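Colleague: Let me give you the structure first, and then I'll get to my questions.
The values are calculated or read from the model by the stated rules, or taken from the named source; none is laboratory data. Keep in mind the model is a prediction, meaning the values are calculated, not measured. Here the Cβ positions follow ideal geometry from the backbone for every residue, glycine too, while neighbour counts run over all protein chains shown.
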Amino acid sequence: MKKITLIGPESTGKTTLARQLATHFDTVVVEEYGRIYCEKFGNDCDALDLCHIAAGQLYFEDEAAKQARHNLLICDTDVIVTQTYAELYLGSCPDMIVQLARSRQYELYLLLDTDVPYVNDGTRLFADRRQEHFNRLKEILESQNRPYAIISATFEERFARAVVAINEVL
């Protein structure tokens with residue numbers, strides 16, 4: 001199974017794009033466990049909450065993979081995003097999350113750029129740190145030699161660029 005994951009700072013269109021891509025490629029999308037968790041329990045997370053979110057994300061991924069079609073799974077985030085979120089929110093990341101992030105590999109990471117307007121939906125916290133978050137995600141991808149494509153421009157252009165990048169992997 002080929003797994004594609006969308007990563008990026010808050011409010012860069014990951015969820016919308018992931019759903020569009022899953023529809024386009026006629027497969028399923030792995031929802032963002034952290035959003036569901038924070039909507040239910042609030043944003044005041046500690047290290048244990050973030051460990052729970054990381055494990056929950058992997059559980060969601062494993063369950064969605066059972067329903068994936070055409071040997072393709074689209075993931076609306078991954079544990080690297082949880083890792084970098086922990087770094088921003090707590091100042092450091094629990095080792096468990098770092099290890100979980102390293103345990104999964106994807107055929108392609110679509111790194112969404114910060115060149116779209118920020119929308120505060122009530123769960124987002126880092127409007128002023130999006131570029132810092134983007135840079136940290138890129139640094140991790142490069143340091144671990146993970147295949148990625150930066151997805152930028154308008155939402156319509158992002159979709160087209162993401163489709164091209166995924167087709168290259170397929």
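Colleague: Would you point out which residue out of Ala22, Ala54, Ala18 is within 18 Å of Arg104 (Cα to Cα) and small (Gly, Ala, Ser)? Walk me through how you get there before you give the answer.
Modeller: Values: Ala22 fails: within 18 Å of Arg104 (Cα to Cα); Ala18 fails: within 18 Å of Arg104 (Cα to Cα).
Checking each option against the conditions leaves just Ala54.
Colleague: Are any residues in the range 135-167 under 20 Å from His24 (Cβ atoms), of a type in the set (D, E, K, R), without any contact (Cβ under 8 Å) to a residue 60 or more places away in the chain and in contact with a strand residue (DSSP E or B) (Cβ under 8 Å, 6 or more places away or on another chain), and if so, which ones?
Modeller: Arg161
Colleague: Another question, if that's okay. So, in the range 9-66, how many residues would count as being in a helix (DSSP H, G or I) and either out of contact with any strand residue (DSSP E or B) (no Cβ under 8 Å at 6 or more places or on another chain) or under 26 Å from Gln131 (Cα atoms) (or both)?
Modeller: Looking only at the range 9-66, we keep the residues that are in a helix (DSSP H, G or I), and these are 14-24, 33-41, 47-65.
Narrowing further to those that are either out of contact with any strand residue (DSSP E or B) (no Cβ under 8 Å at 6 or more places or on another chain) or under 26 Å from Gln131 (Cα atoms) (or both): 14-21, 23-24, 33-41, 47-59, 62-63.
Residues meeting the conditions: 34.
Matching residues to (1) within 15 Å of Ile97 (Cβ to Cβ); (2) in contact with a Pro (Cβ under 9 Å, 6 or more places away or on another chain):
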position: Glu39; (1), (2): no, no
position: Cys51; (1), (2): yes, yes
position: Leu58; (1), (2): yes, no
position: Ala68; (1), (2): no, no
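Colleague: Test Leu112 against the criterion of being closer than 23 Å to Val28 by Cβ, in contact with a Gly (Cβ under 8 Å, 6 or more places away or on another chain) and surrounded by 12 or more Cβ atoms within 10 Å (Cβ to Cβ), and give yes or no.
Modeller: yes
Colleague: Filter the range 98-119 down to residues that are assigned to a helix (DSSP H, G or I) and either under 19 Å from Glu10 (Cα atoms) or not β-branched (Val, Ile, Thr) (or both), then give me how many there are.
Modeller: Of the residues in the range 98-119, 5 are assigned to a helix (DSSP H, G or I) and either under 19 Å from Glu10 (Cα atoms) or not β-branched (Val, Ile, Thr) (or both).
Colleague: Can you confirm whether Arg158 is touching a Leu at 6+ places or on another chain (Cβ under 7 Å), at pLDDT 95 or above and more than 20 Å from Gly34 (Cα to Cα)?
Modeller: Yes: the conditions hold for Arg158.
Colleague: Further, regarding this structure: Restricting to the range 143-161, name every residue that is under 16 Å from the mean Cα position of the chain (by Cα) and either more than 18 Å from Gly13 (Cβ to Cβ) or outside any loop (DSSP other than H, G, I, E, B) (or both).
Modeller: Arg146, Pro147, Tyr148, Ala149, Ile150, Ile151, Arg158, Phe159
Colleague: Let me confirm something: among Thr82, Thr77, which residue is in contact (Cβ under 8 Å) with a residue 60 or more places away in the chain, hydroxyl-bearing (Ser, Thr, Tyr) and within 20 Å of Lys14 (Cα to Cα)?
Modeller: Matching residue, one of Thr82, Thr77: Thr77.
Colleague: Search the range 66-109 for residues being acidic (Asp, Glu) and closer than 26 Å to Arg161 by Cα, and hand back the single one that is surrounded by the fewest Cβ atoms within 10 Å (Cβ to Cβ).
Modeller: Glu107
Colleague: If you don't mind, there's one more thing I want to ask. Cβ-Cβ distance below 7 Å, separation of 6 or more or different chains: which pairs start in the range 30-59 with a residue that is farther than 20 Å from Ser92 by Cβ and end on one that is of a type in the set (Phe, Trp, Tyr)?
Modeller: Val30/Phe60; Glu31/Phe60; Tyr33/Phe60; Gly56/Tyr33; Gly56/Tyr37
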